[in-house]
Amino acid sequence: MHFPPFNFEQSRFERKFVVKNMHYHEIVQQVRNNRAAFLPLHHPRYVNNIYFDTNDMDFFSDNVSGKGSRKKARIRWYGDLMGNITKPILEFKMREGMVGNKLSFAIKPFTLDNSFTSMYIQDVFRSSDIPDWVRAVMVMLNPALLNSYKRQYFISFNNNFRLTVDDELNYFGIRWGINNFMEKHTCDDVIVELKYDKDHDGKDAALVTNSLPFRLSKSSKYVNGFEMLHPMVT
């Protein structure tokens, strides 16, 4: 399975904080009080993802083991979780240590309902206008997890730092064959993520991070959700 070389020049830092036992509005207030003077970027919206993995769950294993080079493949869309997905985006996320890249490709609309299968989504990939290497990668992967959450977006006053606050985290089991999406787990944690280009790493980033009263954490929604739905895996 061949991905493009990691592009350090276009990579960015992503710092995650898992917040427990704090009300959502208090978390948002702490963000607004930060010395970076974060302001809302646009209205909150629901983010939905189908994560893919190999038969041997290589992406999951690499993330759990803390491997330096890690990959994720997912379809992302916004708005309603189920029904006609009109603007889906296939994304590959690649990480080297603390920095990451993302490649995005628009794919054909599809329907997410109880008849969803791996064969159906592979037909979507085959008929989408995507590079051959992308199609070759996806034919080796299968749906592994469905999740949804509400995301609020902020940007610093100097536009150098972006921050997101995710809550209402829901995870659904998803399999190769027919899915009824009745297997659902909800997580009460709130995920705060700070994102910035490599050029802004250093003192300024440290000041912003240190002004957030949250615990810096290694967190992956894919890993967390998969472990909830498959507790015997680990």
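Structure values in brief
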{"read-out": "Complete set of residues in the stretch 139-172 that are of a type in the set (A, V, I, L, M) and surrounded by 14 or more Cβ atoms within 10 Å (Cβ to Cβ)", "value": "LEU141, ALA144, LEU145, LEU146, ILE155, LEU163, VAL165, LEU169"}
{"read-out": "GLU96 in contact with a Gly (Cβ under 9 Å, 6 or more places away or on another chain) and within 28 Å of LYS218 (Cβ to Cβ)", "value": "yes"}
{"read-out": "Options GLY79, GLY68: the member that is at pLDDT below 95 and loosely packed, with under 15 Cβ neighbours inside 10 Å", "value": "GLY68"}
{"read-out": "Which listed residue, of ARG151, ARG162, ARG126, is touching a helix residue (DSSP H, G or I) at 6+ places or on another chain (Cβ under 8 Å) and not hydrophobic (A, V, I, L, M, F, W, C)", "value": "ARG126"}
{"read-out": "Index of the failed condition, ASP56 passing every other in (1) modelled with pLDDT of 90 or more; (2) over 17 Å from ARG151 (Cα atoms); (3) not in a loop (DSSP other than H, G, I, E, B)", "value": "(3)"}
{"read-out": "Condition broken by ILE130, with the remaining ones in (1) surrounded by 15 or more Cβ atoms within 10 Å (Cβ to Cβ); (2) outside any loop (DSSP other than H, G, I, E, B) satisfied", "value": "(2)"}
{"read-out": "Failed condition for ASP199, given (1) among the charged types (D, E, K, R); (2) more than 27 Å from GLN29 (Cα to Cα); (3) within 21 Å of the chain's Cα centre (by Cα)", "value": "(3)"}
{"read-out": "Matching residues in the stretch 224-234 - criterion: being surrounded by 13 or more Cβ atoms within 10 Å (Cβ to Cβ) and assigned to a loop (DSSP other than H, G, I, E, B)", "value": "HIS230"}
{"read-out": "Residue pairs meeting the criteria (Cβ under 6 Å; at least 6 apart or on separate chains; first over 17 Å from LYS87 (Cα atoms), in the stretch 107-125; second aromatic (Phe, Trp, Tyr))", "value": "SER118/TRP176"}
{"read-out": "Complete set of residues in the stretch 173-223 that are aliphatic (A, V, I, L, M), out of contact with any helix residue (DSSP H, G or I) (no Cβ under 8 Å at 6 or more places or on another chain) and either surrounded by 14 or more Cβ atoms within 10 Å (Cβ to Cβ) or not in a loop (DSSP other than H, G, I, E, B) (or both)", "value": "ILE174, ALA205, ALA206, LEU207, VAL208"}
{"read-out": "Residue satisfying all of: in the stretch 82-109; closer than 19 Å to SER127 by Cβ and either crowded, with 19+ Cβ neighbours inside 10 Å or among the polar types (S, T, N, Q) (or both); modelled with the lowest pLDDT among these", "value": "SER104"}
{"read-out": "Positions within the stretch 112-144 being among the aromatic types (Phe, Trp, Tyr) and more than 21 Å from GLY177 (Cβ to Cβ), in sequence order", "value": "TRP133"}
{"read-out": "Restricting the stretch 146-161 to residues that are in a loop (DSSP other than H, G, I, E, B) and aromatic (Phe, Trp, Tyr), the residue that is farthest from THR209 (Cα to Cα)", "value": "PHE157"}
{"read-out": "Unmet requirement for ASP80, which otherwise passes all of (1) within 18 Å of the chain's Cα centre (by Cα); (2) not in a loop (DSSP other than H, G, I, E, B)", "value": "(2)"}
{"read-out": "Residue count, the stretch 120-159 (criterion: among the aliphatic types (A, V, I, L, M) and more than 19 Å from GLU91 (Cα to Cα))", "value": "1"}
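The values are calculated or read from the model by the stated rules, or taken from the named source; none is laboratory data. All values reported here derive from a predicted model rather than from experimental measurement. Reconstructed Cβ throughout: ideal geometry from the backbone, glycine too, with neighbour counts over all protein chains shown.
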